[in-house]
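The structure appears right after this line, and notes come after that.
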Amino acid sequence: MKCRKCGAAAAIELRRHNAAFCAPDFQEFFRNQVREAIRKYRMFTTEERVLVAVSGGKDSLALWDVLIDEGYTTTGLYLDLGIFDYSVESKAKCEAFAARRSVPLIITAVADEVGAPVPEIKAATRRPACSGCGLSKRYLMNRVALDHGIPVVATGHNLDDEAATLFGSVMHWQTEALPRQSPALASTHPRLVRRVKPLYRLSERETAAFAFMRKIDYIVEECPFAVGATSIAHKQVLDRLEHDSPGAKHNFLFGFLEKARAAFERVDGVELHECARCGQVTTSTVCAFCKLSDQVKRARA
Ligand code: AMP
Ligand code: ZN
């Protein structure tokens, strides 16, 4: 197999693009896909600061790596979820990356903000760990960005993540979730920052290859609570489709974004208020995060 660009021996084949690349040309392809995502959705400019939410995994560290090299002013944010060794190790990966690239990293511990780490939140709420964890992550990403005057948060969600989330929403016809499924969410309130996903055009396999070629040291293990999650089952279904017809995930997600998403956008919109307790945006009086931390504190008492 030969590189589509230079004809040298290929290091990776991309069946859905009907192409193969040598390592340097693959990295250029990868960067071009990120540039195209940023351009198409006007995600951010070099004049703005970008808060990159990093988990210590391949996707978010690959994203941070590209954004630094593209000349963006970035700050990393690692949220310490307190999930045993998994959190200890993933935090160390983020710290090592930040030190190596001489970029600032903010570390916020969920336990300090909610009153307990994710395993204890799971016990206190008797709900799957991912529900309190996801809520806390979204809330804290936004609040840290606001606290630091940063207008936009970038996450490492890739094509596989986005296709699987869309699949899950469609499977259950969660029509209120569909308009929020986008590579870029605008700020709809002064206390909500923009949220963007510059890797949405790239697959998990591609981010892994990029991280490997760039010698990025990332945590390979999955979160122990993710085992058996429905999102993983959805990914497996899509992997099978992709295997049999390359481009299936891409067509599913991009077709939705181009042809269907707008149809689910609500004209009336939802009314946003500021939480009576913390001032963050909510659709009710007290936000879900404040309610969660109350519940955790009650369970502890
Ligand atoms: P996940 O939901 O674990 O697939 O993560 C999706 C994205 O959310 C990652 O690519 C990161 O950008 C962000 N993220 C996940 N976990 C953390 C964390 N502990 N701290 C900061 N950002 C995170
Ligand atoms: Zn609140």
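The values are calculated or read from the model by the stated rules, or taken from the named source; none is laboratory data. Just so you know, these numbers come straight off a predicted model, no measurement behind them. Every residue, glycine as well, gets a Cβ built from its backbone with ideal geometry; the counts of neighbours run over all protein chains shown. Remember, those area values only see protein heavy atoms, side chains included, never the ligands or the DNA or RNA. Shrake-Rupley method; radii C 1.70, N 1.55, O 1.52, S 1.80 Å.
Values computed for the structure shown
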quantity: Qualifying residue in region 274-294 (condition: on the phi < 0 side of the Ramachandran plot and away from ligand 2 (no atom under 13 Å from the Cβ)); calculated: no
quantity: Selection within region 10-31 - open to solvent by 70 Å² or more (accessible area, probe 1.4 Å) and in a helix (DSSP H, G or I); calculated: Arg15, Pro24
quantity: Unique match (being surrounded by fewer than 14 Cβ atoms within 10 Å (Cβ to Cβ), within 16 Å of ligand 1 (Cβ to nearest atom) and outside any helix (DSSP H, G or I)) among Glu222, Glu271; calculated: Glu222
quantity: Qualifying position, being in contact with a Leu (Cβ under 6 Å, 6 or more places away or on another chain), modelled with pLDDT of 95 or more and either within 16 Å of ligand 2 (Cβ to nearest atom) or open to solvent by 30 Å² or more (accessible area, probe 1.4 Å) (or both), among Val110, Val118; calculated: Val110
quantity: Unique match (being within 27 Å of Gly228 (Cα to Cα), away from ligand 1 (no atom under 12 Å from the Cβ) and aromatic (Phe, Trp, Tyr)) among Phe84, Phe97; calculated: Phe84
quantity: Among residues of region 153-196, those that are touching a helix residue (DSSP H, G or I) at 6+ places or on another chain (Cβ under 6 Å) and either assigned to a strand (DSSP E or B) or among the aromatic types (Phe, Trp, Tyr) (or both), counted; calculated: 2
quantity: Odd one out for Phe289 among (1) more than 16 Å from ligand 1 (Cβ to nearest atom); (2) within 21 Å of Leu185 (Cβ to Cβ); (3) in contact with a Leu (Cβ under 8 Å, 6 or more places away or on another chain); (4) not charged (D, E, K, R); calculated: (1)
quantity: Residue match in region 237-247 (condition: assigned to a loop (DSSP other than H, G, I, E, B) and open to solvent by 100 Å² or more (accessible area, probe 1.4 Å)); calculated: no
quantity: Filter result for Arg100 (outside any helix (DSSP H, G or I) and surrounded by fewer than 16 Cβ atoms within 10 Å (Cβ to Cβ)); calculated: no
quantity: Every pair of residues 6+ apart whose Cβ atoms lie under 8 Å, when the first sits in region 274-285 and is open to solvent by 90 Å² or more (accessible area, probe 1.4 Å) and among the polar types (S, T, N, Q) while the second is near ligand 2 (Cβ under 7 Å from one of its atoms) and part of a loop (DSSP other than H, G, I, E, B); calculated: Thr285/Cys275
quantity: Number of positions in region 32-60 that are charged (D, E, K, R) and either outside any helix (DSSP H, G or I) or within 15 Å of ligand 1 (Cβ to nearest atom) (or both); calculated: 6
